[in-house]
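Enquirer: Just dropping this structure here.
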Amino acid sequence: MEIKTPIVEIEHVNKSYHRGTRTIPVLVDITLDIGEGEFLALMGPSGSGKSTLLNLIAALDNVDSGLIRVGGIDITKLTETELAAWRSVNVGFIFQFYNLIPVLTAFENVELPLLLTGLSRGERRQHVELALQVVNLANRMDHYPGQLSGGEQQRVAIARAIVTDPTILVADEPTGDLDRVAAEEILELMDRLNLESHKTIIMVTHDPRAAKKAHTIRHLDKGILNNVHSQAAP
Amino acid sequence: MYILKLLLRNAFRHKLRTSLTILSITIAILAFGLLRTFISAWYAGAEASSASRLVTRNAISLIFPLPLSYKDKIRQVDGVKQFAWGTWFAGIYIDEKNFFANYAIDAKDYMALYPEFILPPDQKKAFLNDRKGFCAGRKLIERYHWKIGDTVILKGTIYPGNWEFVLRGIYHGRDESTDERLFFFHWDYLNETVKKTSPRRADQVGWYVVEVTDPNRAAEVAQAIDKTFKNSLAETLTETEKSFFLSFISMVGAIIVAIQLVSFVVIIIIIAVAANTMAMTARERIGEYAIFKTLGFRGWRIAGMIIGESLLLTMIGCLFGIALTPPAAKVFGKIVGTYFPTFRVEIETIYMDIGASILVGLCAAIIPTWRAVRIRIADGLRRIG
């Protein structure tokens with residue numbers, strides 16, 4: 001298998017949650033490299049820590065110990081303010097429940113991350129239209145999330161994730177709330193983003209069919225990362 | 001623009017809840033505005049008073065009279081430009097519910113002291129020439145539909161009997177704050193009658209109004225007048241017209257304090273109403289705030305959204321409340337108009353409405369903002385789905 005330059009480097013990461021006086025270890029000594037342009041699937045049973053690991057990579061949560069470097073930057077050393085700025089540029093998020101803002105149209109939802117950039121209104125419009133064309137929703141840009149199907153909403157979410165051209169895309173159960181056909185469309189789209197735009201994608205999933213789209217599958221069990229299970233890209 | 005659009009759409013996401021909140025704020029601002037107008041109305045007389053006029057009354061109490069003979073000594077006090085006197089008559093027109101202030105005055109000099117009461121020259125002449133004549137303010141005339149030449153009978157309470165007067169003049173106020181509900185008649189008419197019925201009460205006046213040559217010397221002149229009558233049978237207390245009015249207001253000070261307290265309680269109630277709405281809103285949207293944070297929005301931007309929405313709701317309610325206050329004050333003014341020279345919404349009241357609404361908007365948003373800003377992204381995202 002070809003070894004790509006790691007874009008994400010995780011070294012000896014530990015994470016636990018506290019429930020009252022009890023400390024519950026969630027991730028135990030995780031070490032993992034994710035190559036640039038890789039499509040990685042993280043699998044495992046509920047409570048195995050896969051979403052927690054994804055949150056740590058995307059800087060949505062803090063490690064207890066260890067180091068995470070993304071694009072050469074040790075994100076565990078950044079302050080909350082620096083992390084907010086870093087996320088807005090480097091990470092695109094795709095969630096199971098789409099997480100669109102219901103009072104904003106598809107266009108406005110996709111435009112949201114661009115508000116934090118110095119782009120003019122016209123430039124923002126160009127970027128948003130391009131992102132919506134990529135997900136094949138240019139004709140639905142004035143629709144509100146409530147007027148779109150689940151699959152369409154997830155495509156808007158993907159457009160929002162890619163509109164800033166981030167370093168990595170993180171997806172937490174992106175097909176978990178979709179029917180089979182819509183799920184297949186979303187996976188095809190993600191696959192296309194990976195192959196054509198060379199986006200690094202890290203996806204958490206329960207669904208073996210979704211995981212099949214990934215280049216690499218890693219299994220987590222009780223916070224411990226198991227051996228590599230690689231597969232060729234289709 | 002984008003943020004304003006977001007605020008507006010968020011604010012009206014729950015139309016019924018938002019409408020009820022705005023309605024509550026509107027009613028509260030209306031109540032607050034009316035209560036403040038009520039308080040302003042109490043002070044309207046004092047605000048309209050002249051800095052160059054002093055009032056000399058009995059030092060014991062206003063209900064005790066002063067001898068008419070004091071006029072000669074007052075005239076001699078240095079700094080006195082002109083003066084007149086008046087007496088509270090307390091007459092009733094037909095029924096006690098028809099209350100209005102009626103005074104017996106030293107007409108010629110009294111009218112000269114009050115240039116804010118504007119009387120047409122022919123009417124003034126007619127009034128001064130008729131000892132049984134009276135003049136009254138425009139609003140009082142309108143209330144009872146009197147016409148020049150009409151005879152009006154007042155039933156005396158302090159001075160018993162039925163007193164007959166003929167309307168000779170209708171004055172209107174020079175300023176908006178001038179009281180146009182007063183009834184003036186000749187003190188000479190009162191005194192002549194009293195001389196016949198109860199001579200011991202004759203040649204006495206309720207107070208003297210003194211105009212000073214220089215308003216800056218008002219305190220000095222007041223002291224000089226009081227010194228003149230020191231150790232006499234009826235010692236005097238001379239004060240500025242404003243202080244004189246304020247001493248009246250102080251008699252009902254407890255009522256005014258109670259009204260002020262109620263007006264602030266109204267504000268506290270709307271803070272609670274708005275805070276409840278904002279707390280519900282923020283709790284429902286905690287997941288969305290986590291999404292904003294995920295996308296890189298910092299805490300202050302999220303705080304801006306919540307505070308902005310809270311201010312938007314309160315300011316919409318405030319605008320409706322402000323718009324409704326003048327018509328409500330007009331209706332209210334008709335009911336209580338007899339007791340106040342003017343009952344109008346002051347610009348200061350509008351400023352207080354706006355200030356109170358901003359305060360409500362900010363206070364209501366404090367706790368929801370604090371919660372939303374502090375929430376960890378992972379915890380917030382977990383609330384979705």
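The values are calculated or read from the model by the stated rules, or taken from the named source; none is laboratory data. Small disclaimer: the values here were computed from a predicted structure and weren't measured. Here the Cβ positions follow ideal geometry from the backbone for every residue, glycine too, while neighbour counts run over all protein chains shown.
Enquirer: Need a quick list: strands (runs of 3 or more DSSP E) entirely within the stretch B:122-188 having at least 1 residues that are over 24 Å from B:Glu96 (Cβ atoms), touching a strand residue (DSSP E or B) at 6+ places or on another chain (Cβ under 7 Å) and of a type in the set (Val, Ile, Thr).
Expert: Answer list for the stretch B:122-188: B:161-173.
Enquirer: Now, a different point. From (1) over 26 Å from the mean Cα position of the chain (by Cα); (2) farther than 30 Å from A:Asp61 by Cα; (3) more than 14 Å from every other protein chain (Cβ to nearest Cβ), pick out the condition that doesn't hold for B:Leu312.
Expert: Every listed condition holds for B:Leu312 apart from (3).
Enquirer: From the list B:Val257, B:Val265, B:Val273, which one is in contact (Cβ under 8 Å) with a residue 24 or more places away in the chain, more than 14 Å from chain A (Cβ to nearest Cβ), assigned to a helix (DSSP H, G or I) and farther than 28 Å from A:Glu108 by Cα?
Expert: Result of the check over B:Val257, B:Val265, B:Val273: B:Val273.
Enquirer: Another question, then. Within the stretch B:171-183, is there a residue that is at pLDDT below 95 and surrounded by fewer than 13 Cβ atoms within 10 Å (Cβ to Cβ)?
Expert: Within the stretch B:171-183, the subset at pLDDT below 95 is B:172-182.
Narrowing the set further to residues that are surrounded by fewer than 13 Cβ atoms within 10 Å (Cβ to Cβ) leaves B:175-176.
Yes, the stretch B:171-183 has at least one match.
Enquirer: In the stretch A:86-123, what count of residues is obtained for those that are without any contact (Cβ under 8 Å) to a residue 24 or more places away in the chain, surrounded by fewer than 20 Cβ atoms within 10 Å (Cβ to Cβ) and facing chain B (nearest Cβ under 8 Å)? Break it down into steps so the answer makes sense when it comes.
Expert: At the first step, the residues of the stretch A:86-123 found to be without any contact (Cβ under 8 Å) to a residue 24 or more places away in the chain are A:108, A:115, A:118-123.
Filter again for surrounded by fewer than 20 Cβ atoms within 10 Å (Cβ to Cβ), leaving A:115, A:118-123.
Now narrow it down to the ones that are facing chain B (nearest Cβ under 8 Å): A:115.
Looking only at that region, the number is 1.
Enquirer: Within the stretch B:218-226, is there a residue that is surrounded by 15 or more Cβ atoms within 10 Å (Cβ to Cβ) and more than 32 Å from the chain's Cα centre (by Cα)? Steps first, answer last, please.
Expert: Kept after step one, since they are surrounded by 15 or more Cβ atoms within 10 Å (Cβ to Cβ), are these residues of the stretch B:218-226: B:218, B:221-222, B:224-226.
Filter again for more than 32 Å from the chain's Cα centre (by Cα), leaving B:224.
Checking the stretch B:218-226: at least one residue is surrounded by 15 or more Cβ atoms within 10 Å (Cβ to Cβ) and more than 32 Å from the chain's Cα centre (by Cα).
Enquirer: Filter the stretch B:345-384 down to the residues that are in a helix (DSSP H, G or I), over 22 Å from B:Ala31 (Cβ atoms) and either within 14 Å of another protein chain (Cβ to nearest Cβ) or not aliphatic (A, V, I, L, M) (or both) and list them by number.
Expert: Once the filter is applied, which keeps residues that are in a helix (DSSP H, G or I), over 22 Å from B:Ala31 (Cβ atoms) and either within 14 Å of another protein chain (Cβ to nearest Cβ) or not aliphatic (A, V, I, L, M) (or both), the stretch B:345-384 yields B:Pro368, B:Thr369, B:Trp370, B:Arg371, B:Val373, B:Arg374, B:Ile377, B:Ala378, B:Asp379, B:Gly380, B:Leu381, B:Arg382.
Enquirer: Evaluate the stretch A:160-174: report whether one residue or more is out of contact with any Ser or Thr (no Cβ under 9 Å at 6 or more places or on another chain), over 22 Å from A:Glu108 (Cβ atoms) and within 14 Å of chain B (Cβ to nearest Cβ).
Expert: Checked the stretch A:160-174: at least one residue is out of contact with any Ser or Thr (no Cβ under 9 Å at 6 or more places or on another chain), over 22 Å from A:Glu108 (Cβ atoms) and within 14 Å of chain B (Cβ to nearest Cβ).
Enquirer: For A:Ala138, which of the numbered conditions (1) over 28 Å from A:Pro6 (Cβ atoms); (2) touching a residue at least 24 places away in the same chain (Cβ under 8 Å) fails to hold?
Expert: (2)
Enquirer: Taking B:Leu66 and the conditions (1) aliphatic (A, V, I, L, M); (2) touching a residue at least 24 places away in the same chain (Cβ under 8 Å); (3) out of contact with any Ser or Thr (no Cβ under 8 Å at 6 or more places or on another chain), which numbered condition does it fall short on, given that it satisfies the others?
Expert: All conditions pass for B:Leu66, except number (3).
Enquirer: Next up: Applying the selection to the stretch B:361-381, what residues are within 15 Å of B:Ala290 (Cβ to Cβ) and either among the basic types (Lys, Arg) or buried (at least 21 other Cβ atoms within 10 Å of the Cβ) (or both)?
Expert: B:Pro368, B:Thr369, B:Arg371, B:Ala372, B:Arg374, B:Arg376, B:Ile377, B:Gly380, B:Leu381
Enquirer: Check off (1) part of a helix (DSSP H, G or I); (2) closer than 13 Å to B:Leu190 by Cβ for B:Asp109 and give me the number that stays unchecked.
Expert: B:Asp109 satisfies every listed condition except (2).
Enquirer: Looking at B:Thr325, is it in a helix (DSSP H, G or I) and away from chain A (no Cβ under 14 Å)?
Expert: Criteria met by B:Thr325.
Enquirer: Only one of these is closer than 25 Å to B:Leu66 by Cα and free of Cβ contacts under 8 Å to residues at least 12 places away in the same chain: B:Asn102, B:Asn191, B:Asn162. Name it.
Expert: On the way: B:Asn102 fails: free of Cβ contacts under 8 Å to residues at least 12 places away in the same chain; B:Asn191 fails: free of Cβ contacts under 8 Å to residues at least 12 places away in the same chain.
Within the list B:Asn102, B:Asn191, B:Asn162, the selection yields B:Asn162.
Enquirer: Please give the helices (runs of 4 or more DSSP H) falling wholly within the stretch A:118-234 in which 2 or more residues are more than 30 Å from A:Thr31 (Cβ to Cβ) and among the charged types (D, E, K, R).
Expert: Numbers: elements: A:121-134, A:150-162, A:180-196, A:208-211.
Output list reads A:121-134, A:150-162, A:180-196.
Enquirer: Then there's this: It is to be established whether one or more residues within the stretch A:218-229 are in contact with a helix residue (DSSP H, G or I) (Cβ under 9 Å, 6 or more places away or on another chain), under 19 Å from A:Phe97 (Cβ atoms), modelled with pLDDT of 90 or more and crowded, with 20+ Cβ neighbours inside 10 Å.
Expert: no
Enquirer: Name the residue, out of B:Thr197, B:Thr213, that is touching a residue at least 40 places away in the same chain (Cβ under 8 Å), within 30 Å of B:Glu235 (Cβ to Cβ) and surrounded by fewer than 19 Cβ atoms within 10 Å (Cβ to Cβ). Don't jump to the end; show me each part of the working.
Expert: Values: B:Thr197 fails: touching a residue at least 40 places away in the same chain (Cβ under 8 Å).
That would be B:Thr213, the only listed residue that is touching a residue at least 40 places away in the same chain (Cβ under 8 Å), within 30 Å of B:Glu235 (Cβ to Cβ) and surrounded by fewer than 19 Cβ atoms within 10 Å (Cβ to Cβ).
Enquirer: So how many residues does the stretch B:297-309 have that are surrounded by 20 or more Cβ atoms within 10 Å (Cβ to Cβ), closer than 30 Å to A:Ile57 by Cα and within 14 Å of chain A (Cβ to nearest Cβ)?
Expert: Total meeting the criteria: 3.
Enquirer: Also, quick follow-up: Do you know which of the residues in the stretch B:281-296 that are crowded, with 22+ Cβ neighbours inside 10 Å and more than 10 Å from every other protein chain (Cβ to nearest Cβ) is nearest to A:Asn99 (Cα to Cα)?
Expert: B:Tyr289
Enquirer: Hey, any hits in the stretch A:73-80 for a residue that's touching a residue at least 60 places away in the same chain (Cβ under 8 Å) and in a strand (DSSP E or B)?
Expert: No: the stretch A:73-80 contains no residue that is touching a residue at least 60 places away in the same chain (Cβ under 8 Å) and in a strand (DSSP E or B).
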